[in-house]
Amino acid sequence: MTEIYKIQSYSYEDRAQDLLNRMTIEEKVGQMCQVDGRKEPELWIKDKNVGSFLHIVGEEAIRLQKISSEETRLGIPLIFGIDAIHGHAFYNDATVFPSQLGLSSSWNTDLLQEVAHITAKEVILTGLHWTFSPVLCLGRDMRWGRVDETFGEDPYLAGVLGAAMVKGYQGEKLSDPYSILSCPKHFAAYGETQGGRDSTESDVSPRKLKTVFLPPFKAAVDAGCATIMAGYNSIDGLPCSANKWLLTDILKNQFNFKGFVVTDWNNTGNLYSLQKIAPSLKKSCEIVINAGNDMIMTTPEFYDNAVELVKKGIISEKLIDQACLRILLMKFKLGLFDEKRYPDCSNSNSIIGCDQHKNASYKSALESIVLLKNEENVLPITNKIKKIAVVGPNADDVVAQLGDWSFGPRDFPERSTLEYNKYDTTSIVTILEGIKKRAGSEFEVVYEKGCDVIDESINNIDAALKISSDCDIIIAVVGDTIVLNGETRDRASLDLLGRQEELLKELKNTGKPLIVVLINGKPLTIPWVKDNAHAIIEAWNPGMEGGNAVASILFGDYNPCGKLSISFPRHVGQQPVYYNQYPGWHGGKYADLTSEPLFHFGYGISYTSYEYSNLKLASYELDTDDELLLTIDVKNTGTVKGTEIVQVYINDIYSCVTTPIKELKGFARVELNGGETKNVQIKIPISSLALIDSNLNSFVEPGEFEVMVGGSSKDEDLIKAVFKVL
Ligand code: BGC
């Protein structure tokens, strides 16, 4: 029989089907397994026809690919996956970008696409084909450890930015030399667990799920994402990997997702050992197959159990065929049976971490930074300043700066054999280094750490005060660090820990201008800093070029333009403070605290200011299939060139179910010279104003809608108009 699967002129679908027809049950189940590539990889390839490995890189990956291709019956290539979350940051020498939360403050889809494309290039040049990114969970409870991995709190923004990253990773087509598979995760509502506790129960109704948590994934599916990862969490009693409605009915059937679903790390085993909805591992395997998971991440027991379940007739072979076919199809589409089976790594040294990529990291850090306060234009630093004191625990700390999913030590011993400890940190520019470099001989810079991020027993505050005493300005770099962010690292308090606030208070007492630079994975409760610092720069985890970017902003070489993609609470108990709240709260505030966040979603200032006027709608009565076209004048009222992010929010004034007081539905980035005015046009499809009613029907309800346009989600910053949907 012609080996159609080997012939490039046939369609990917025909080749995949032909290959599937030749496979035994064992071979098919093997393709569904993804195991840790550091544990008996040859055995997994030769005896179990494994489909995918994760967490190995470079020569070892290429060696294993050779074995799979040349020493197995059908020569099916492997897919290698890795968490290249903000750059290929587990790999020595790779380009490390700001965290996803940082990148989201840029509101820049082109930038996100470029970041993802560069990451894809660096990933493929180390023999891998798949990154478990982007994260499309929403950051709505700041206690949750993984807020740094999100695009912030808003479903629309997460969807738009996620789609851009999917396109960047996957390129024009998957078979392109530098395209890799993306993996939006964690499907779904994983960030919404109670108390911010990672991986527990997300108590969300199907309506809330459809309204808030599924739309970013729908956007990623529409952008063509090749894979999706099912979350660890349970929804209404069902762990995501056990939820057939979620994975099959919604994702595969309603969203028409054609890629494959991968479980999260040992989701299958967890059904039995942690969540206890299966009395045995065998039962767990049966449940995940029936629910619609295609690839099983790191549950090695799946192989024997699944083979047995099929052979005993408990699981229909048809389900295995469907899962296997989805995986094979992606391998064909990626070109793994053809040109891309072995990557051409000959030029990897000159591409991985090259200057062009570093420059993209620098640019993305610039755009990720949000200026939160600048009293009396204390910034940028002018040449009236002669001596600068840099203090604080995060001024010269590579681990805090890069944040999670980089080489920094993690809690998982089983994942610690990567390049973590061998990582060469010389290419990382810390904040202190960036300031020193920019200051050159023009300014004198002195440094003292002052205290630790966490450990209260470390107290060098006096030394910090001493070096600050004859300085003209103090730059205090504080925040959080790696052990306060990430999986298993949920926080109960969001305050600055250790002696950081004490350090800031003592520095403030010197009477000198106090600039606070925040290096942190997530919003912190810092009302004292807001009231007392002269300027605040939110730099997040700004990546390897973070120091250069912060320095450029401090010295005014770059006018900051980032806007918050996430609201800052004043107090941990005030949560949630996301902007798209529901109406109806008696009193509208806590008895002991305002309902206002410390900093609003969409907020961010710059070295100039903008004025909005003249909001006009092309039509004030529209049909459900129309597009709302609005125009508004935006003026740069200062002298410095800047980029303003114009935001459009909509409120469905009366609706059959409660709907948020405002929802982001569009935005535009506008570059304006000092004094310049531009008439900005933004289009919003009326179909995007659909609500989900209590019977889970989705439709645009006729009636009046309010449109609000401005530079943040804060009411005072918005110009409003009303239109009618007929
Ligand atoms: C995380 C995923 C990650 C996977 C593989 C899991 O613990 O939840 O986000 O992709 O590990 O490393």
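Assorted remarks:
- Nearest-ten-degree value, helix 355-368 long axis tilted from longest Cα axis of the chain: 60
- Folded to 0 to 90 degrees: helix 500-509 orientation relative to the chain principal axis, Cα: 20
- For the range 354-565, the relative contact order works out to 37 percent when only alpha carbon pairs closer than 8 Å and six or more residues apart are counted.
- For the range 510-525, 3J(HN,Hα) computed residue by residue from phi via the Karplus equation (6.51, -1.76, 1.60; θ = phi - 60°) reads 5, x, 8, x, 10, 9, 9, 10, 9, 10, 7, x, 7, x, 10, 8 Hz, glycine and proline entered as x.
- A cut-off of 5 Å between modelled amide H atoms, ignoring neighbours fewer than 5 places along the same chain, links PHE187 with MET229, ALA230, GLY231.
- Spatial separation of Cα centroids for the range 242-275 and the range 617-635, in angstrom: 40
- Among 218-226, 501-509, 349-357, the order from most to least packed when residues are scored by Cβ within 10 Å on average: 218-226, 501-509, 349-357
- Tensor-based shape of the range 610-725 (alpha-carbon gyration tensor, a/c under 1.5 rounded, otherwise prolate or oblate): prolate
- Rounded to the nearest 20 debye, dipole of the chain from Cβ charges on Lys, Arg, Asp, Glu: 580
- Qualifying trypsin sites (Lys or Arg not before Pro) for the range 584-644 [loop in DSSP, other Cβ within 10 Å: at most 16]: LYS589, LYS641
- Proxy reagent accessibility, fewest Cβ within 10 Å first, across TRP130, TRP405: TRP130, TRP405
- Table column - 3J(HN,Hα) (Hz), the range 688-702, Karplus curve with 6.51, -1.76, 1.60, x for Gly and Pro: 6, 9, 4, 10, 10, 8, 6, 9, 6, 7, 10, 6, 8, 8, x
- Spacing of the two label points (7 Å from each Cα toward its C-beta) at SER688 and TRP528, in nm: 4.2
- Shape annotation for the chain: C-alpha extents along the principal axes are 81, 62, 48 Å, from largest to smallest.
- Less than 5 angstrom separates the built amide H of LEU181 from those of TRP130, THR131, all sequence-distant by 5 or more or on a different chain.
- When shorter helices are ignored and each DSSP H run of at least 4 residues is given -39500 (n - 2.57), the per-residue value for the chain at 222 nm works out to -7500 deg cm²/dmol.
- Only one residue of THR268, THR109, GLY546 has its Cα farthest out toward the positive end of the dipole of the chain, where Lys and Arg carry +1 and Asp and Glu -1 on Cβ, and that residue is THR268.
- Phi to ³J(HN,Hα) by Karplus 6.51 cos²θ - 1.76 cosθ + 1.60 over the range 576-586, Hz, x for Gly, Pro: x, 10, 4, 6, 8, 6, 9, x, x, 6, 4
- Gain in span if fully extended, TYR342 to SER205, counting 0.36 nm per residue against the direct Cα distance: 44.7 nm
- Backbone amide hydrogens, once placed in the peptide plane, bring LEU628 within less than 5 Å of ILE684, ILE686, excluding anything fewer than 5 places away on its chain.
Taken together, the values in this text are just the output of simple stated rules run on the coordinates, not laboratory data. Nothing here was measured: the structure is a model prediction, and the numbers come from that model. Please note: Cβ atoms are built from the backbone with ideal geometry, for glycine as well, and neighbour counts cover all protein chains shown.
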